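> Mind looking over this structure? Questions follow.
The values are calculated or read from the model by the stated rules, or taken from the named source; none is laboratory data. As the structure is a prediction and not an experimental result, all values here were calculated from the model. Every residue, glycine among them, receives a Cβ derived from its backbone with ideal geometry; neighbour counts consider all protein chains shown. Surface areas here come from the heavy atoms of the whole protein model, side chains and all, with no ligands, DNA or RNA. Shrake-Rupley method; radii C 1.70, N 1.55, O 1.52, S 1.80 Å.
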Amino acid sequence: MNIQDRKRVFSGIQPTSVMHIGNYFGAVQNWVKLQDQYECIYSVVDLHAMTIPYQPEQLFHNTREMLIDLLACGVDPQRSIVFIQSMVPEHMELAWVFNCVTSYGELTRMTQFKDKTDQLRAGDKDALISAGLFNYPILQAADILVYKAEFVPVGKDQEQHLELSRNIAERFNFQYGEYFVPPQPLFTDLPKLLSLADPTKKMSKSLGPKHFIALFEEEDVVRKKVMSAVTDSGQPAEGMSPGVANLIEILKACGKLEAMAFFTEQYHQGGLRYKDLKESVADALVELISGFRVKRTEIVSNRDYIQRLEIEMADKARAIASQVMREVRERSGMHNYGRING
Ligand code: AMP
Ligand code: TRP
């Protein structure tokens, strides 16, 4: 397919955590695949990570690390744009325009704001609940629409934000004339991995190191974490326990379909040995992760390349975003720098 016939995709990932296998199988692996069919624009959304309390040096560092992680996983700067959000100020500009077409009422209905507020208050009852956290879905709409992207691969947890992006596009069009096409979510059936130490919860960095496997973890750590994975807690009255199902899901995600079929069969026959299953999962993960580690080491060894790439990618993103912003400025009655006639 010619690049100019491809539909445009945009997605973002926050640099709040090291990438773990949950992020990889639940999002990034799909981003890599989408590059074959779409014109992809992917961003490390550091501006979003500023909505909750953070340390500036840490954010700066994590943002670059996340970009490197994406490259090591196979996001390809030859075919896609992969950039750091804060290097493209047009996101913030468009977000302001969108702030002025979004109603306070619809923002108050965002369930993620309520969840994050509860989480922050649970950690510290005096935590700052910022206006940025409240406005976050508007910035997300700007991320997508500043590139006029048509499709957005996201998990179900982002469905409500996507719906808001569509409403914002329509509201803008209503006020300033047809311009944006409301973006569509691209839902794919992706695995949701559970915590290894507490398989009643989603794998997440915030639960602590025992609970997740980082994508670039050392081999012996991977093996240790898998071998001590909880298999039998919260055993349901019937069916597989979530811990065992999660291990089998990891095998499947690693493409080990034969092993998956074998252990599933053993389970049904009542002869499944957890130790064998765990060894097989650990082998599959070590194989996957060692490939990523090699690529990552190669990228990291060339700091100049990373810095050049950051600039080159931001320039490419800005070339699109600044054109859209010029048109938005004209439509919404703002003054464009350098334009003299009314
Ligand atoms: P987060 O770091 O939670 O903002 O997630 C970044 C991306 O990874 C989102 O697309 C999530 O849906 C996905 N993700 C996070 N945790 C998991 C998990 N345990 N299993 C599958 N996907 C996940
Ligand atoms: N809010 C998304 C998340 O937490 C990240 C994100 C920011 C995003 N901007 C986006 C995703 C635009 C898709 C499109 O996962």
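> What does the charge count around Y305 come to, taking other residues whose C-beta lies under 12 Å from its C-beta (Lys +1, Arg +1, Asp -1, Glu -1)?
-2
> What FRET efficiency, computed as 1/(1 + (r/R0)^6) with R0 = 41 Å and r the Cβ-Cβ distance, is obtained for A261 and K156, rounded to the nearest 0.05?
Computed FRET efficiency for A261 and K156 comes out at 0.90.
> Counting only other residues whose beta carbon sits under 11 Å from that of D157, what net charge do I get with K and R as +1, D and E as -1?
Details: positive: K156, K192, K202; negative: D115, E159.
Here the charged neighbours net out to +1.
> Which of the peptides 110-123, 270-283, 37-50 is most tightly packed, and how do the rest follow, judged by the mean count of other Cβ atoms within 10 Å per residue?
So the peptides 110-123, 270-283, 37-50, ranked by packing, come out 37-50, 270-283, 110-123.
> What is the gain in length, in nm to one decimal, between M92 and E287 on full extension, counting 0.36 nm per residue of separation less the C-alpha to C-alpha distance? Before the final figure, lay out each step's value.
Details: separation 195, 0.36 × 195 = 70.20 nm, distance 4.10 nm.
So the chain would gain 66.1 nm between M92 and E287.
> Could you sort out which of K33/K205; K33/K316; K192/K316 sit more than 23 Å apart by Cα distance in this structure?
As for pairs spanning more than 23 Å Cα to Cα, those are K33/K205; K192/K316.
> I'd like the accessible area for L59, computed on protein heavy atoms only with a 1.4 Å probe and all protein chains in place. Round to 10 Å², please.
20 Å²
> How much net charge surrounds V82 when only the other residues with a Cβ under 11 Å from the Cβ of V82 are counted, with Lys and Arg +1 and Asp and Glu -1?
Taking every other residue near V82 into account, the sum is -2.
> What Kirkwood Rh does region 1-126 have if only Cα atoms enter the pairwise 1/r average? Answer in Å.
Taking the inverse mean of 1/r over all distinct Cα pairs, region 1-126 comes out at 16.5 Å.
> Give the dimensionless ratio obtained when the Cα radius of gyration of region 205-297 is divided by 2.2 N^0.38 Å.
The reported ratio for this selection is 1.11.
> Could you tell me the calculated FRET efficiency between S130 and K275, based on Cβ-Cβ distance and R0 = 51 angstrom, to the nearest 0.05?
The calculated FRET efficiency here is 0.60.
> Per DSSP H run of n ≥ 4, the term is -39500 (n - 2.57); total these for the chain, divide by its residue number, and report the mean residue ellipticity at 222 nm rounded to 500 deg cm²/dmol.
Helix-only estimate at 222 nm: -17000 deg cm²/dmol.
> How many angstrom lie between the Cα centre of region 118-145 and the Cα centre of region 71-114?
Value for the Cα centre distance between the two parts: 13 Å.
> Could you estimate the translational diffusion coefficient of the chain from the Stokes-Einstein equation, with Rh from the Kirkwood formula over C-alpha pairs, at 25 °C and 0.890 mPa s, in whole µm²/s?
The calculation lands on 112 µm²/s.
> Separate question: Please give the per residue accessible area of the chain, computed with a probe of 1.4 Å over protein heavy atoms only, in Å². Provide the component values of the computation, followed by the final result.
Numbers: 17410 Å² over 342 residues.
I get 51 Å² per residue for this part.
> Rounded to the nearest 5, what % of DSSP beta bridges with both residues in the chain are antiparallel?
Rounded to the nearest five, the antiparallel share is 10 percent.
> I would also like to ask the following. How far is it, in nm, from the label point at K192 to the one at M227 when both lie 7 Å from their Cα along the line to the Cβ?
Result: 3.2 nm between the two label points.
> Return the carbon/sulfur percentage of the accessible area of the chain, one whole number, probe 1.4 Å, all protein chains in place.
52 percent
> At 0.36 nm per residue, and after removing the present C-alpha to C-alpha distance, how many nm does the segment from R303 to K210 gain when stretched out fully?
30.4 nm
> Here is a follow-up. Going down the table (K201/K256; K202/K278; K202/K224; K148/K256; K7/K156), which pairs top 28 Å between alpha carbons?
Working: K201/K256 24 Å; K202/K278 19 Å; K202/K224 20 Å; K148/K256 38 Å; K7/K156 22 Å.
Among K201/K256; K202/K278; K202/K224; K148/K256; K7/K156, the Cα-Cα distance tops 28 Å for K148/K256.
> For region 87-126, count all C-alpha to C-alpha pairs, find those more than 17 Å apart, and express that count as a whole percent of the total.
Tail fraction, whole percent: 54.
> Projected onto the charge dipole of region 119-229 (+1 at Lys/Arg Cβ, -1 at Asp/Glu Cβ, origin at the Cα centre), which of A122, S228, P185 gives the Cα projection farthest towards the positive end?
Farthest along the dipole direction, towards plus: S228.
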